[in-house]
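S.K.: Structure incoming, see below.
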Amino acid sequence: MESFSADYGQARIKFVEAAQAQGGELQRIAHPARGPDGADLSMDIAWFGDRSASKALVAISGVHGAEGFFGSGVQIEWMRRSENRRLPQDTAALLVHAVNPYGFAWLRRVNEDNIDLNRNWINFDRPLPTNERYEEIAEDLCPPNWSAEVQAATGARLASWRERNGQGVFMQAVSGGQWRHAGGLFYGGAAPSWSRKVLTDVLKSHLGDAARIAIVDFHTGLGPYGYAEPIIPWRRDDPGFVRTRSWIGAAATSVYGGGSVSAEVHGDVLSAIQGILPKVVVDAVALECGVLPLDKVSTALRADNWLHIHGDLTAPEAASIKKLIREAFHSDAPVWQGMALGQGLAACRAALGGLSLPLDRDHAVET
């Protein structure tokens, strides 16, 4: 699929060229770090439509770095198909490419500070959340040594803990977020990250005067192969959940209350956007597309964490670990790419349809 890319650098070039070809308004925001090849990094913005439009489709890629291939491919294909020329009246589109360009370029799910951006959107002026269950398994999740013997021993202990406590509790403990171990998994950080601050400014400057927006945020790594589960960041009785499900479909799950491939997370981007844009009616969905079984994804994340925190990026094992990470979050198989692209484009079209649905004065979808 030509809209997918081999790496971050190629993805960025394709995104910019597609936006230019369609007459999009481009903005490049340079990241202070550089890629593994020494190349510049950036978050790139493409805007289509009138800046005074009251409604907007927002498509976001690369919040989790190495997961950026999916969202980038959909954004590029959306432009190449001239979908921007089909925008309804009084409706614009904002495409945000590579929210976490460092992670995308370095094939890391986290950013330059080992921060998971979807655990970083909390109020750091308040006491940080706690995750006592993570504390019980922190050392086994992220050992300082990655020998075959250590992998076997820590893997056995983690499996035993999971068997005693249940898969759901294990998932919540590992991926719900933690703010104590800066070198650990799913670390939320100690302050707002570069990506959080920049994305906040982008959203406020482009969408602060809008009346309604519909957001599609692209992710990979969880769920069945090639299936993009729509996950809504609100509880099922929240008007935002009801509105978003009305256009994304009945298969939508909530990040709260079970039933989703995702654990309940704290500090995610989508949940924070309503607070960033308090005057805007916000609909939001994360598309989570599966690639490999969960145990292989977990092993890849643990190995990559060890490599960057304790290992040597120039050592022979580095290339094999990076191969594991890429395969955990992206597939070069045409069937996977076709499934992902089709579902991603369908979600963008559904979001535009959702923006046309009438609302009552309480922002509920009229029936």
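The values are calculated or read from the model by the stated rules, or taken from the named source; none is laboratory data. Given the structure is predicted, the values throughout are model-derived calculations rather than measurements. FYI the Cβ positions are ideal-geometry reconstructions off the backbone, even for glycines, and counts take in every protein chain you see. The area values use the complete protein model at the heavy-atom level, side chains included, leaving out ligands, DNA and RNA. Shrake-Rupley method; radii C 1.70, N 1.55, O 1.52, S 1.80 Å.
S.K.: Tell me the mean residue ellipticity at 222 nm calculated for the chain from its helices only (DSSP H runs of n ≥ 4, each -39500 (n - 2.57), averaged over every residue, nearest 500). Each step should come with its number before you reach the end.
M.R.: On the way: 12 runs with 154 residues, N = 367.
After summing the helix terms and dividing by the residues of the chain, the value is -13500 deg cm²/dmol.
S.K.: What full-extension length gain, to one decimal in nm, is calculated for ALA153 and THR130 as 0.36 nm per residue of separation minus the Cα-Cα distance?
M.R.: Taking 0.36 nm per residue and subtracting the Cα distance, the gain is 5.6 nm.
S.K.: Please give the charge dipole size of region 25-136, origin at the Cα centre, charges +1 on K and R Cβ atoms and -1 on D and E Cβ atoms. Round to the nearest 20 debye. Walk me through the numbers before you get to the answer.
M.R.: Numbers: 13 positive and 16 negative charges, 94 e Å.
Magnitude of the dipole: close to 440 debye.
S.K.: What full-extension length gain, to one decimal in nm, is calculated for ASP201 and ALA39 as 0.36 nm per residue of separation minus the Cα-Cα distance?
M.R.: Length gained between ASP201 and ALA39: 55.9 nm.
S.K.: With a 10 Å cut-off between alpha carbons and a GNM built on the chain, which of VAL280, VAL58, VAL99 moves the most?
M.R.: In the Gaussian network model the winner is VAL280.
S.K.: Further question: Net charge near GLY275: determine it from the other residues with C-beta under 13 Å of the C-beta of GLY275, scoring Lys and Arg +1 and Asp and Glu -1.
M.R.: Result for the neighbourhood of GLY275: +2.
S.K.: Which value in nm describes the separation of the simple spin-label points at VAL242 and SER52, placed 7 Å from the Cα toward the beta carbon?
M.R.: Simple spin-label model gives 3.4 nm for this pair.
S.K.: Could you calculate the FRET efficiency of SER356 with ALA191 from 1/(1 + (r/R0)^6), where r is the beta carbon distance between them and R0 is 56 Å, rounded to 0.05? Before the final figure, lay out each step's value.
M.R.: Values: r = 40 Å, r/R0 = 0.71.
With R0 = 56 Å, the Cβ-Cβ based efficiency is 0.90.
S.K.: Calculate, in whole percent, how much of the Cα-Cα pair population of region 1-130 lies beyond 20 Å.
M.R.: Every Cα pair in region 1-130 considered, those over 20 Å come to 46 percent.
S.K.: What full-extension length gain, to one decimal in nm, is calculated for ASP7 and ASN145 as 0.36 nm per residue of separation minus the Cα-Cα distance?
M.R.: Going from the current span to full extension adds 46.8 nm.
S.K.: Going through region 252-332, which trypsin sites (Lys or Arg not before Pro) have at most 14 other Cβ atoms within 10 Å and a DSSP loop state?
M.R.: For trypsin sites (Lys or Arg not before Pro) across region 252-332 that sit outside H, G, I, E and B with at most 14 neighbouring Cβ atoms in 10 Å, the list reads LYS279.
S.K.: So which of LYS14/LYS323; LYS55/LYS197; LYS55/LYS204; LYS296/LYS322 end up more than 20 Å apart, counting from Cα to Cα?
M.R.: In this structure, LYS14/LYS323; LYS55/LYS197 exceed 20 Å between Cα atoms.
S.K.: Also: Would you mind putting 309-320, 103-114 in packing order, based on average other-beta-carbon counts within 10 Å, highest first?
M.R.: Working: 309-320: 11.8, 103-114: 24.7.
By packing density, highest mean first, the sequence is 103-114, 309-320.
S.K.: Looking only at LEU94, LEU128, LEU57, which one moves most when the chain is put into a Gaussian network model with springs between Cα atoms under 10 Å?
M.R.: Between LEU94, LEU128, LEU57, it is LEU128 that shows the largest mean-square fluctuation.
S.K.: To continue, here is another question. With springs only between Cα atoms under 10 Å apart, run a GNM on the chain and tell me which of ARG126, ARG12, ARG212 wobbles the most.
M.R.: ARG126
S.K.: Of the accessible area of the chain, with the probe set at 1.4 angstrom, what percent is carbon plus sulfur?
M.R.: Working: 7860 of 15280 Å².
With neighbouring chains kept in place, the figure for the chain is 51 percent.
S.K.: Using θ = phi - 60° and the Karplus form 6.51 cos²θ - 1.76 cosθ + 1.60, what ³J(HN,Hα) does each residue of region 130-147 get, whole Hz, x for Gly and Pro?
M.R.: Once θ is set to phi - 60°, the couplings for region 130-147 become 10, 9, 5, 5, 4, 4, 5, 10, 4, 5, 6, 5, 10, x, x, 10, 10, 5 Hz.
S.K.: Something else about it: Using label points projected 7 Å from each Cα along Cα→Cβ, tell me how many nm separate TRP161 and LYS323, to one decimal.
M.R.: 3.0 nm
S.K.: Just to verify a number: FRET efficiency for LYS279 and ILE309, C-beta to C-beta distance, R0 = 51 Å, to 0.05? The partial results should precede the final answer.
M.R.: Details: r = 42 Å, r/R0 = 0.82.
My answer for the efficiency is 0.75.
S.K.: For the chain, what is the accessible area per residue in Å², given a 1.4 Å probe and the full set of protein chains?
M.R.: Normalised by residue count, the accessible surface of the chain is 42 Å².
S.K.: I'd like the projected area of the chain, averaged over all directions, using the convex hull of its alpha carbons. Report it in nm² with one decimal. Numbers along the way, then the final one.
M.R.: Working: hull surface 69.8 nm².
So the Cα hull casts an average projection of 17.4 nm².
S.K.: Could you give P(r) for region 166-278, binned at 5 Å from zero, as whole percent values over all Cα-Cα pairs?
M.R.: Pairs per bin, as whole percents: 2, 10, 17, 21, 20, 17, 10, 3, 0, 0.
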